1. Give me the percent of accessible area attributable to carbon and sulfur for the stretch 129-228, probe 1.4 angstrom.
2. Per-residue HN-Hα couplings for the stretch 160-167, Karplus 6.51 cos²θ - 1.76 cosθ + 1.60 at θ = phi - 60°, whole Hz, x for Gly and Pro?
3. Need one number: the % of Cα-Cα pairs in the stretch 29-69 sitting beyond the 18 Å mark.
4. Calculate how steeply helix 188-201 sits against the longest principal axis of the alpha-carbon atoms of the chain, using the helix alpha-carbon long axis, and give the answer as 0 to 90 degrees to the nearest 10.
5. Please give the net charge around A252, taking every other residue with its beta carbon less than 12 angstrom from that of A252, where Lys and Arg add +1 and Asp and Glu add -1.
6. What is the chain's relative contact order, in percent, from Cα pairs under 8 angstrom and six or more apart in sequence?
7. Once the whole set of protein chains is in place, how much accessible area is left on C210, using a 1.4 Å probe, in Å² to the nearest 10?
8. Have a look at G266, H149, G325 and report the one farthest towards the positive end of the charge dipole of the chain, computed about the Cα centre with Cβ charges (Lys/Arg +1, Asp/Glu -1).
Amino acid sequence: MTRGNTTSTTTRGFPFDEEPELVAHGAWDTAREIAQQPELWREVATDAAERRAEVERFLAPLLADRGLRVVLTGAGTSAFVAEVLAPSLTRELHRRIDAVATTDIVSNPREVWAEDVPTLLVSFARSGDSPESVAATELADQCLRSVRHLVVTCNGDGRLARSHAGRDDSLVLLMPPRSNDRGFAMTSSFTCMLLATWLAFDPTGTAGSCVESLAVAGERLLAEHRDEINSLAARGYERVVYLGSGPLSGLARESALKLLELTAGGIVSYFESALGFRHGPKSMLDRRTIAVTYISNDPYTRRYDEDIAEELRRALGPDHVVVVGAHGDGATTLPVPGIEDAPDALAAIVFVIVAQLFALRSSLALGRTPDNPFPDGEVNRVVRGVTVHPLTEEA
């Protein structure tokens, strides 16, 4: 396996004999980038081990301050990396960690930075060239007296990485080159940035030992459930709802976005927490709907996830409810064994493959081109059209 190779066909668990068909339908980059993820997780773990001492030198003095505010940020899928990580890291580190999108920081910096306390801003970005990426860090510098930056990105040549390279108050973590997805939608970039950040904050230094289990689980999912997911996408559902609790609610949001992006809005998608779905959003269910519920590894939380899954089976029929979980009990229709003890934030990087494959195949079923679902340029891989206005005292 060669670092930076963007055309490797060595990835296990994916039908690369489909390459001509996928190329012809504008789907090869996205398909390959979904399939390569388990390999890239191993690379991320290797890189994290090599840089562990450097990362500890940067983070340890900051985290020693119990008054430090940690803010995880990004836009779109990068923001959902933050939403998955924040609750799990809060539980792991026993401290406050907030997920705040760069889009909220840029439009409302006075509210986000109302507390002028020592802050660590962790910025996620695939390209680092979206207008909000650099602006969010600049506004933090402007509004806070004490702020440090951890930049997690897939593009060393992006504006975000370049603007923080060499700064004493910043550390840049670069993902494997192949994680800088060429396809429109973020796939490898999402899971690599999530995993790398978990490994960076791992207080015991033992989290890396579970990466092989995650990679094997991902490879098995690709190999054993691919046809099942393809068949679901071929049914022609018009609405899809994704549900999850805690960290998996962020995964549900990313899953819904992936479907919306790759089908160019051709399928209505929705996300909610397991308990929140009953409070109004359940009204969206009809005979054209499929529901996907992610099951938490936490035994207490899992009860609520299983309750809503059973309720959905009664409402839609069991054939229209997909239950994704690591525990292969009777409630799980799409089991992902081998990661039963993983925190939900890490289980999410495997579970998301279900949503990625479903979105890819749904896009193809609608006649879209997943690598570029918006050939007219209405929506872009790197966001355009944002004017970042200066923040003045008058403003």
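1. Numbers: 1510 of 3520 Å².
Carbon and sulfur atoms account for 43 percent of the accessible area of the stretch 129-228.
2. After applying 6.51 cos²θ - 1.76 cosθ + 1.60, I find 5, 5, 5, 6, 10, 5, x, 7 Hz.
3. The calculated P(r) of the stretch 29-69 puts 53 percent of pairs beyond 18 Å.
4. For helix 188-201, the angle is close to 50 degrees.
5. Numbers: positive: R253, K258; negative: E83, E254, E272, D305, D344.
Net charge around A252: -3.
6. On the way: 737 pairs, mean separation 76.9, N = 395.
Once divided by the residue count of the chain, the mean separation gives 19 percent.
7. 40 Å²
8. Farthest towards the positive pole: G266.
The values are calculated or read from the model by the stated rules, or taken from the named source; none is laboratory data. Keep in mind it's a predicted model, so treat the numbers as computed, not measured. Backbone-built Cβ (ideal geometry, glycine too); neighbour counts: all protein chains shown. The accessibility values were calculated without ligands, DNA or RNA, using every heavy atom of the protein model including side chains. Shrake-Rupley method; radii C 1.70, N 1.55, O 1.52, S 1.80 Å.
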